[in-house]
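Working notes for the structure below.
The values are calculated or read from the model by the stated rules, or taken from the named source; none is laboratory data. Quantities reported herein were computed from a predicted structural model and do not represent experimental measurements. Note: ideal-geometry Cβ built from the backbone for every residue, glycine included; neighbour counts use all protein chains shown. These accessible areas exclude ligands, DNA and RNA; they are computed on the full protein's heavy atoms, side chains included. Shrake-Rupley method; radii C 1.70, N 1.55, O 1.52, S 1.80 Å.
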Amino acid sequence: AQRKAITLLKNGATASGPVLPLQGRPKLYIENIRPEIAAQYGTVVESIADADLAILRLQAPWEQRNGDFLESLFHAGDLDFKEPEKSRILNILAVKPTIVAITLDRPAVIPEIAEQSAALLANFGASDAALLDVVFGRFAPTGKLPFEMPSSMEAVRAQKSDVPGDSANPLFSFGFGLSY
């Protein structure tokens, strides 16, 4: 079920074809993936300079707020990455081809990350092994987005709170998902 839910949002092109699925045993710079799991798919390196590519596992942005009882149970706040985290992520994307896997417990505003990533996957709490099975082609992605991904915080703020799918020019629409 975890593998089936992983949603391929972007699969960039290289001279030899699409980025995913990855082939061979590349040198991997990883973040938020257990090294012992990643080592089953490639050679884990400590420095991005030594890597063939990077795989970043991100969590949808949220803000710690002191709100009511429900806010203590769910992530809340803006849907975009703030500084300095946004610049840190974009710097990695500029240095090496990077596969971004974002865990979405809610929508995220990630237009720059989507544009600059080599490949972009959404997951909804999948294990490291399930995610890497999709990245390395052991399981083809079949997931579809259960909500739209807005293109900006301005679009989010202009939405009606009780109307789904009404943001202007969403980055990814409800039901979007690619395969390879």
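Side notes on the structure shown:
- Scanning the stretch 118-132 for residues that are assigned to a helix (DSSP H, G or I) and open to solvent by 20 Å² or more (accessible area, probe 1.4 Å) returns Asp128, Ala129.
- Residue within the stretch 21-43 that is open to solvent by 40 Å² or more (accessible area, probe 1.4 Å), in contact with a Pro (Cβ under 9 Å, 6 or more places away or on another chain) and farther than 14 Å from Thr98 by Cα present: yes
- When we screen Gly77, Gly42 for residues that are touching a Lys or Arg at 6+ places or on another chain (Cβ under 8 Å) and either among the aliphatic types (A, V, I, L, M) or at pLDDT 95 or above (or both), the only hit is Gly42.
- Cβ-Cβ contacts under 8 Å between residues 6 or more apart (or on different chains), taken from a first residue in the stretch 75-88 that is within 10 Å of Trp62 (Cα to Cα) to a second residue that is at pLDDT below 70, are listed as Ala76/Arg65; Ala76/Gly67; Gly77/Gln64; Gly77/Arg65.
- Residue in the stretch 24-32 that is among the charged types (D, E, K, R), more than 27 Å from Leu145 (Cα to Cα) and at pLDDT 90 or above present: yes
- Condition met for Gly143 (open to solvent by 10 Å² or more (accessible area, probe 1.4 Å) and in a loop (DSSP other than H, G, I, E, B)): no
- The conditions of being touching a residue at least 12 places away in the same chain (Cβ under 8 Å) and open to solvent by less than 30 Å² (accessible area, probe 1.4 Å) are not met by Leu171.
- If only residues of the stretch 146-156 that are among the small types (Gly, Ala, Ser) and either part of a helix (DSSP H, G or I) or touching a Leu at 6+ places or on another chain (Cβ under 7 Å) (or both) are counted, the one that is farthest from Ala122 (Cα to Cα) is Ala155.
- First in the stretch 113-128 and more than 14 Å from Leu178 (Cα to Cα), second anywhere and open to solvent by less than 10 Å² (accessible area, probe 1.4 Å) and of a type in the set (Ser, Thr, Tyr), Cβ under 8 Å, 6 or more apart: Gln116/Thr98; Ser117/Thr98; Ala118/Thr98
- Output for the stretch 146-168, where each listed residue is loosely packed, with under 15 Cβ neighbours inside 10 Å, touching a residue at least 24 places away in the same chain (Cβ under 8 Å) and farther than 28 Å from Leu22 by Cα: Met153
- Restricted to strands (runs of 3 or more DSSP E) entirely inside the stretch 1-61, those with at least 1 residues that are in contact (Cβ under 8 Å) with a residue 40 or more places away in the chain and closer than 21 Å to Tyr180 by Cα are 7-11, 53-59.
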